[in-house]
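The values are calculated or read from the model by the stated rules, or taken from the named source; none is laboratory data. Being a predicted model, the structure only gives us computed values, none of them experimental. Neighbour counts run over all protein chains shown; Cβ positions are idealised from the backbone, glycine included.
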Amino acid sequence: MSRVALVTGGTRGIGAAIAVALSAAGYRVAANYAGNEEKARAFGEETGIPVFKWDVSSYQACSQGIDQVEGEIGPVEVLVNNAGITRDAMFHKMTPEQWNEVIATNLSGLFNMTHRVWNGMRERSFGRIVNISSINGQKGQMGQVNYSAAKAGDLGFTKALAQEGAARNITVNAICPGYIATEMVRAIPEKVLNEKIIPQIPVGRLGEPEEIARCVVFLASDDAGFITGSTLAANGGQYFQ
Ligand code: NDP
């Protein structure tokens with residue numbers, strides 16, 4: 001029987017590409033989303049991948065959502081923590097709400113999701129956790145103190161948990177995408193994108209969601225069993241750490 005993979009924020013953008021690539025690689029995939037029903041329905045109809053709605057910033061919602069996925073599809077063996085949001089503002093204008101929302105989704109979401117699947121992975125002595133962090137968690141980005149802090153936190157989470165999972169054949173890795181052509185990046189004004197962001201990317205273009213998806217498929221595979229606690233940068237040469 002093929003393995004079960006759950007992708008948070010899996011109905012559009014990078015997450016949708018990840019869900020499709022894992023499905024093509026033979027996994028039984030479930031895609032979670034937060035509330036964009038139109039996109040989720042269209043994605044589900046187009047791909048045949050079942051979609052499940054819950055908010056990763058709620059521990060209780062994650063627990064109930066994963067119960068549903070496991071009941072309908074099977075125990076989660078591959079978890080891709082991809083769901084993420086931005087609430088950008090310069091720090092002096094950043095509200096506590098902007099800070100809290102980003103930390104709750106982009107950092108606490110990893111705890112909420114992973115905690116619920118962890119014991120099952122330990123019992124079965126197999127698991128793959130892939131966390132989608134960001135180049136801006138590595139280098140910091142003005143206007144994104146909240147996002148950079150959460151995404152840097154994702155890397156600490158990955159490194160610490162990898163040490164706990166290693167003896168049980170559970171790998172925990174992070175991918176740090178650079179700027180990828182999704183709605184999140186298209187929300188950046190075109191002038192900023194063309195004059196400030198793309199000139200900083202040595203390959204001279206935005207990345208494609210499928211380029212991140214292929215990294216996830218590799219990290220989820222048996223071939224990647226010796227890789228854990230690592231951070232894979234996929235950023236067109238923009239930043240090395
Ligand atoms: P999009 O905004 O295109 O999609 C975000 C996805 O996450 C949607 O499916 C959305 O659901 C879901 N989501 C958001 N909040 C929640 C929540 N609280 N609970 C459940 N699902 C949620 O994002 P991208 O594809 O651009 O980004 C995906 C990940 O990659 C994020 O973690 C992002 O930070 C990271 N990243 C993106 C980069 C980029 O250049 N695009 C660069 C570096 C990192 P719904 O459709 O219902 O709203």
Among (1) under 22 Å from residue 185 (Cβ atoms); (2) of a type outside the set (Phe, Trp, Tyr); (3) touching a strand residue (DSSP E or B) at 6+ places or on another chain (Cβ under 8 Å); (4) more than 9 Å from the ligand (Cβ to nearest atom), the one test that residue 89 misses: (3)
Any hit, region 29-43, residues being in contact (Cβ under 8 Å) with a residue 40 or more places away in the chain, more than 7 Å from the ligand (Cβ to nearest atom) and touching a Leu at 6+ places or on another chain (Cβ under 6 Å): yes
Pair list, Cβ < 6 Å and 6+ apart or interchain, from region 48-72 residues that are of a type in the set (Asp, Glu) to residues that are within 9 Å of the ligand (Cβ to nearest atom) and assigned to a helix (DSSP H, G or I): 55/61
Hits in region 14-60 (condition: crowded, with 21+ Cβ neighbours inside 10 Å, part of a helix (DSSP H, G or I) and not β-branched (Val, Ile, Thr)): 15, 16, 17, 19, 21, 22, 40, 43
Odd one out for residue 89, checked against (1) outside any helix (DSSP H, G or I); (2) crowded, with 18+ Cβ neighbours inside 10 Å: (2)
Residue in region 92-110 that is surrounded by fewer than 20 Cβ atoms within 10 Å (Cβ to Cβ), over 17 Å from the mean Cα position of the chain (by Cα) and within 24 Å of residue 213 (Cα to Cα) present: no
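Please find, within region 150-191, the residue that is modelled with the highest pLDDT out of those that are farther than 28 Å from residue 125 by Cβ and away from the ligand (no atom under 13 Å from the Cβ). So that I can check it myself, show each step before the final result.
Residues of region 150-191 farther than 28 Å from residue 125 by Cβ: 150-152, 176-191.
Subsequent filtering for residues that are away from the ligand (no atom under 13 Å from the Cβ) retains 189-191.
Values: 189: 91, 190: 91, 191: 94.
The qualifying residue modelled with the highest pLDDT is 191.
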